[in-house]
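The values are calculated or read from the model by the stated rules, or taken from the named source; none is laboratory data. Worth saying up front: this structure is predicted, and the values here are computed from it rather than measured. Here the Cβ positions follow ideal geometry from the backbone for every residue, glycine too, while neighbour counts run over all protein chains shown.
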Amino acid sequence: MATLTVAAVQAAYVLMDRAATLAKVEALLASPEVRAADLVVFPEAFVPGTPIWIDGVPIWDGDEKWFELLADQAVVVPSDATRRMGAAAKEAGVYLVIGIDEREPTGSTIYNTVLYFAPDGSLMGKHRKLMPTGSERTVWGMGDGSTLDTYPTSFGRLGGLICWENYMPLARFYLYSQGVDVWVAPTLAQGDGWVATMRHIAREGRCFVIGVNPCVRVDQIPEDFPDRDRVWRVDADDPEWVEPGNTVIVGPNGEVLAGPSRHEEAVLVAELDLGKVKSARRMFDPVGHYHRPDVFRLAVDTAPRPVVTTFSGPFSDG
């Protein structure tokens, strides 16, 4: 069976600076430990970074400058930014999974999106987060079923969900039904509870799971960032860190293969034996003999939601 070297990149973005963050992505993909991998996974919303103000100020209280930056620096798909990512993946010869703040060419709705690139630099596809969590709903729109895909690779099927989407049982099952072998979970979630979630999904899906977080210190917020003293609410229990990291790689029986890594920028590397996915499904196959399709059905609307609404009037007076 195929073996796979995976690199989970726990790094700091340059907050709301697309060009600088892309330069960091390119530098990391050029590093020897990352180039030695077959699959490289970056964190959630890595380009151009997490809108950290959503947890630092009351909703709608003076966030106009910050949202303006987010809309300006967000990534359009496709664009020069995605072409740079693809070129960097091709130069490194790796499959690349990376989180972005995505904006349509028109409009200002931002989506929490993950991009999948092949080693030839082509964009295989993208996934938009279905349901932003809590304060995330003030900056991110909702995705739809059209991007709930997995992707064939030289080592097996690749797919996953973003952060707390991983708590959505039906979304998980739909990806399991597509035969996912390597599950990616770019995230901002912290603590041991999240590691337990990654272990559960690996054991439930009988797949390898790669959970990847950013790792950003408070002093890495750019000095010239608008209202810098207000943009982040300092955590009394972890005052030096905006995002402390929590990256982990888990095997198909729930065993931790690397991590969790916290409080440092790091690259976790693991060798994955894909034969273990098949052997683990001998006892429990979530969409095979253990699924009971005679009892359960799942319907998924995979039609894309229209971006532009057309009107064929006339308006009603009522």
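Among residues of region 91-124 being at pLDDT 95 or above and on the phi > 0 side of the Ramachandran plot, the one that is surrounded by the fewest Cβ atoms within 10 Å (Cβ to Cβ) is GLY93.
Checked against the criterion of being under 26 Å from GLN10 (Cβ atoms) and surrounded by fewer than 22 Cβ atoms within 10 Å (Cβ to Cβ), the candidates GLY56, GLY49, GLY62 yield just one match: GLY56.
Of the residues making up region 18-49, those that are at pLDDT 95 or above, in contact with a Leu (Cβ under 9 Å, 6 or more places away or on another chain) and not β-branched (Val, Ile, Thr) are LEU29, ALA37, ASP38, LEU39, PHE42, PRO43, GLU44, ALA45, PRO48, GLY49.
Going through (1) basic (Lys, Arg); (2) surrounded by fewer than 19 Cβ atoms within 10 Å (Cβ to Cβ); (3) over 30 Å from ASP80 (Cβ atoms) one by one, ARG137 falls short only on (3). Could you list, ordered by first residue, the pairs with Cβ atoms under 8 Å in which the first is in region 193-217 and under 15 Å from VAL97 (Cα atoms) and the second is at pLDDT 95 or above and basic (Lys, Arg), at least 6 apart or interchain? Within 8 Å, the pairs are VAL209/ARG199. A single member of GLY156, GLY93, GLY86, GLY160 is touching a residue at least 40 places away in the same chain (Cβ under 8 Å) and within 23 Å of ALA27 (Cβ to Cβ), and it is GLY93. Each residue in region 1-27 was checked for being in contact with a Pro (Cβ under 8 Å, 6 or more places away or on another chain) and in a loop (DSSP other than H, G, I, E, B), and 7 pass.
Taking first residues from region 51-66 that are closer than 20 Å to VAL218 by Cβ and modelled with pLDDT of 90 or more and partners that are surrounded by 13 or more Cβ atoms within 10 Å (Cβ to Cβ) and small (Gly, Ala, Ser), the Cβ contacts under 6 Å between residues at least 6 apart in sequence or on separate chains come to ILE54/SER135. Here LEU272 passes the criteria (1) part of a helix (DSSP H, G or I); (2) within 16 Å of GLY211 (Cβ to Cβ) except the one numbered (1).
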